[in-house]
Each structure stands twice: as structure tokens, then as C-alpha cells.
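Notes follow the structure.
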Amino acid sequence: MTKTILIAGATGKTGRILTQNLLDQGHNVTALVRDGSDTSVLPEATTLRNGDLTDLQPGVCDGADVVVFAAGSGGSTGPEMTEKVDREGAMRLVDLAKDAGAERFVMLSSIGADQSDPSGDLAHYLKAKHDADEHLKASGLTYAILRPVALTDDGQSADVVLGDDVDKTAKASRADVADVLGKAATTGRFDGMALNMQSA
């Protein structure tokens, strides 16, 4: 069944692969892009919708069957942008998806985001992801949360490991992450789950 899928973060490395995969499967993909985004990296069949995760306006999720948050503030930004995008932006997108009547929300999170009080260099980022994940769980939306380990640009592997058996020091290729996100968005296979993930 063809779905209309809104992706925040479609121009990112993982988002581009996800967008292409979903289009190849015959779905309608809308990319949420802010002014100045390089939309030339997106397939021609992608529909564009203007929206900035730091200032989302009502209605950005209208018409979407599924909303995917695959965005990130990036490793080079400070705590303020992490807060605005990864925490507040993600939570606002959840609320707007619910307002729009979306049937499912898929969150690209991170290994370690299950901790309510993380420590270490990534503590602020992981806390933001944790808060966004918890907000999604409490929203009443049908959800799937994917928490991959460190990402690589390798191609798709033969298999992935999901859940409690994931080695937190392992790697996950963006191609594998995009594949699992696509399945989460379109099949319902991972509804109600928050899963760690690695490439096998």
C-alpha cells in the first residue's frame, strides 16, 4: 500500500538513502527542508516542503501517513543547536504529526539514548535524544525508535542485529540504518519498539 511519508533530515547522508529507497518502493516522499538546504542531493521525485526544525509551523505534517525524524544538529554544533534540533525540534515534530493524524512516527535516535542521565562527551546529545524518545513514547502515536551504534558510509550488509544483542562498540552502515527505517515506516514490523541496531 502506497504511503505518503514526510522525512525531516532527508538531505542528510542517511536521509538521502532512505528517500531513494522509499521512492523505489513506490511511496510518496516529502522532504522537510529549511531555506538554504541543498535539495540537489534529493531524487527528482521528492516533494519539497519548507520547514525549519528550530521553528516548526503548524501544518508541516499535514497529509503525511508516516513522519520520520532522521535529522540531527551535527557533531560540529554546540549544545544550543542540539537542544533546538534534537530535543525541541523532534518533540515539536511529534506533536505536529499527532495533530495531523499521522498513523506512525519513526525516530532515528542513538545508542545510549535509553539512559535518562547519560555521562561522557556525548551526554548533552544523548539526553536530548532521550527526552525526544520519551516524548514520542508518551504521545499516543504509533511509533518505532531506532538506536544505531556509530555510523559508517559502508554499503548495505547481509544482515543487521537489533535489540539487546547489539555490541555497543560495533558499527552500523547508513545504508542498513536507512533500510530498517524504511521497514519501520512502511510495514509496522517495529511498532511500539525502541531498538538498538548494528550491522552484522
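Structure values in brief
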| quantity | calculated |
| --- | --- |
| Only listed residue being under 21 Å from Thr54 (Cα atoms), modelled with pLDDT of 95 or more and within 16 Å of the chain's Cα centre (by Cα), chosen from Val85, Val149 | Val85 |
| Some residue of the range 168-176 being within 25 Å of Thr77 (Cβ to Cβ), among the polar types (S, T, N, Q), surrounded by 15 or more Cβ atoms within 10 Å (Cβ to Cβ) and in contact with an Asp or Glu (Cβ under 6 Å, 6 or more places away or on another chain) | yes |
| Pick from the range 179-191, criterion surrounded by fewer than 23 Cβ atoms within 10 Å (Cβ to Cβ) and touching a Lys or Arg at 6+ places or on another chain (Cβ under 9 Å), ranking: nearest to Ile17 (Cα to Cα) | Lys183 |
| Condition met for Gln20 (among the polar types (S, T, N, Q), touching a Pro at 6+ places or on another chain (Cβ under 9 Å) and without any contact (Cβ under 8 Å) to a residue 40 or more places away in the chain) | yes |
| Filter result for Val60 (in a loop (DSSP other than H, G, I, E, B), touching a residue at least 24 places away in the same chain (Cβ under 8 Å) and either of a type outside the set (A, V, I, L, M, F, W, C) or within 25 Å of Gly140 (Cβ to Cβ) (or both)) | yes |
| Residue that is surrounded by the most Cβ atoms within 10 Å (Cβ to Cβ) [pool: residues in the range 125-161 that are out of contact with any Ser or Thr (no Cβ under 6 Å at 6 or more places or on another chain) and more than 23 Å from Ile7 (Cα to Cα)] | Val161 |
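The values are calculated or read from the model by the stated rules, or taken from the named source; none is laboratory data. Computed from a prediction, not measured in an experiment: that's the story for all the values here. For neighbour counting, all protein chains shown are included, and Cβ atoms are generated from backbone atoms with ideal geometry for every residue, glycine included.
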